[in-house]
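Just below is one structure, and these are the notes that go with it.
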Amino acid sequence: MEESPPDRYGVVGFPVAHSRSPFIHGMFARQTAQNMEYRLYEISPVAFKTEVARFFAEGGRGLNITVPHKTAAADFATELTGRAERAGAVNTLAKQDGRILGDNTDGAGLVRDLQENLQIEIPGKRVLILGAGGATRGILAPLLELDLDELVVANRTAERARDLVSPFSDLGKVRGCDFGDLPLRPFDLVINATSAGLDGEMPKVNAAVIGPLSICYDLSYAKTDTPFVRWAWNQGCARAVEGWGMLVEQAAESFALWRGVRPDTAPVLAVLERPG
């Protein structure tokens, strides 16, 4: 009997050549015996809607969405999950019964990495997020739902930070401020959601936010320490890790939505040799 063609998936970004998603989903597919292919799609913002519509019209089943398209993907979807609607951003599109469902698996991926892989206790802790961009928007609700003592979002401009956290105020104690207005005492968990991991420039944050018990987590990742991780170690933190685990865990959430089976992430993380 002739084997049916593989179901088509991929990741859309601009640029996207650096993405490890094809490798990750390839391992997931082999592990769970899924007949699927996963490719890179570099699409400019101006062509996003047209090209994504073509992908689904030609039989595509699902897409991961990365920078700079997460807001556009939310507009493109015909229906949003509750967490995607909260975030106002989508990192996963799935064709289901003729509709295009938009989901955001970033926050769930981060929380699973923190709690399951890294064994970090989150409830009752004080958490600082650096940066008020789309990455922060995707992780706020899942973090606040863990009954934190406090969550602060700090940004170069206070207004942007306050505007970002405002829709989440019903979920817990959260506030936005600029980098210079941070309390000068250590947080339990400091999450870098700025582009410092990409461009090498650290935001102007007083080192007092990090103490000997602080855990620092960079949403960015690299084969060597990111600038934020180096900075965090230099401030004397207890632990500093990169976002490999979040990358793999959010991918597993997407895969489960598409294929109905959740893959084991441990073998993928072992191959990626996550630093930290």
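The values are calculated or read from the model by the stated rules, or taken from the named source; none is laboratory data. Predicted model, so just to flag it, every value in this text is computed and none were measured. Ideal geometry is used to build each Cβ from the backbone, glycine not excepted, and the neighbour counts take in all protein chains shown.
Against the conditions (1) over 24 Å from residue 21 (Cβ atoms); (2) out of contact with any Ser or Thr (no Cβ under 7 Å at 6 or more places or on another chain); (3) not aromatic (Phe, Trp, Tyr), residue 238 satisfies every one except (2).
Here residue 228 clears all of (1) among the hydrophobic types (A, V, I, L, M, F, W, C); (2) touching a helix residue (DSSP H, G or I) at 6+ places or on another chain (Cβ under 7 Å); (3) closer than 23 Å to residue 269 by Cβ; (4) modelled with pLDDT of 95 or more except the condition numbered (4). With respect to residue 253, is the statement that it is at pLDDT 95 or above, within 20 Å of the chain's Cα centre (by Cα) and not assigned by TED's automatic domain parsing to the domain that holds residue 181 true? Answer is yes for this residue.
In the list 85, 121, which residue meets the criterion of being in a loop (DSSP other than H, G, I, E, B), out of contact with any Gly (no Cβ under 6 Å at 6 or more places or on another chain) and not hydrophobic (A, V, I, L, M, F, W, C)? I'd like the intermediate steps shown before the answer.
Numbers: 85 fails: in a loop (DSSP other than H, G, I, E, B).
Unique residue meeting the criteria: 121.
From the list 39, 61, 83, the one residue that fits, being of a type in the set (D, E, K, R), closer than 16 Å to residue 10 by Cα, in contact (Cβ under 8 Å) with a residue 40 or more places away in the chain and touching a strand residue (DSSP E or B) at 6+ places or on another chain (Cβ under 8 Å), is 61. Scan the range 232-268 for residues that are surrounded by 19 or more Cβ atoms within 10 Å (Cβ to Cβ) and under 30 Å from residue 99 (Cβ atoms) and report the count. Final tally of qualifying residues: 15.
Looking only at the range 136-190, count every residue that is charged (D, E, K, R) and touching a strand residue (DSSP E or B) at 6+ places or on another chain (Cβ under 8 Å) and tell me the total. Write out each step before concluding.
Filtering the range 136-190 down to residues charged (D, E, K, R) leaves 137, 145, 147, 149-150, 156, 159-160, 162-163, 170, 173, 175, 178, 181, 185, 188.
With touching a strand residue (DSSP E or B) at 6+ places or on another chain (Cβ under 8 Å) added as a condition, the list becomes 149-150, 156, 160, 162-163, 173, 175, 178, 181, 188.
Residues flagged as charged (D, E, K, R) and touching a strand residue (DSSP E or B) at 6+ places or on another chain (Cβ under 8 Å) within the range 136-190 amount to 11.
Of the residues that make up the range 28-47, is at least one among the hydroxyl-bearing types (Ser, Thr, Tyr), over 22 Å from residue 268 (Cα atoms) and modelled with pLDDT under 95? No.
A count restricted to the range 169-192 and to residues that are in contact with a helix residue (DSSP H, G or I) (Cβ under 6 Å, 6 or more places away or on another chain) and over 19 Å from residue 238 (Cα atoms) stands at 7. Would you confirm whether any residue within the range 218-231 is touching an Asp or Glu at 6+ places or on another chain (Cβ under 7 Å), assigned to a helix (DSSP H, G or I) and over 30 Å from residue 101 (Cα atoms)? Looking for residues that are touching an Asp or Glu at 6+ places or on another chain (Cβ under 7 Å), assigned to a helix (DSSP H, G or I) and over 30 Å from residue 101 (Cα atoms), one finds at least one in the range 218-231, hence yes. Checking the range 49-69 against the condition returns no match, with no residue being assigned to a strand (DSSP E or B), modelled with pLDDT of 95 or more and surrounded by fewer than 18 Cβ atoms within 10 Å (Cβ to Cβ).
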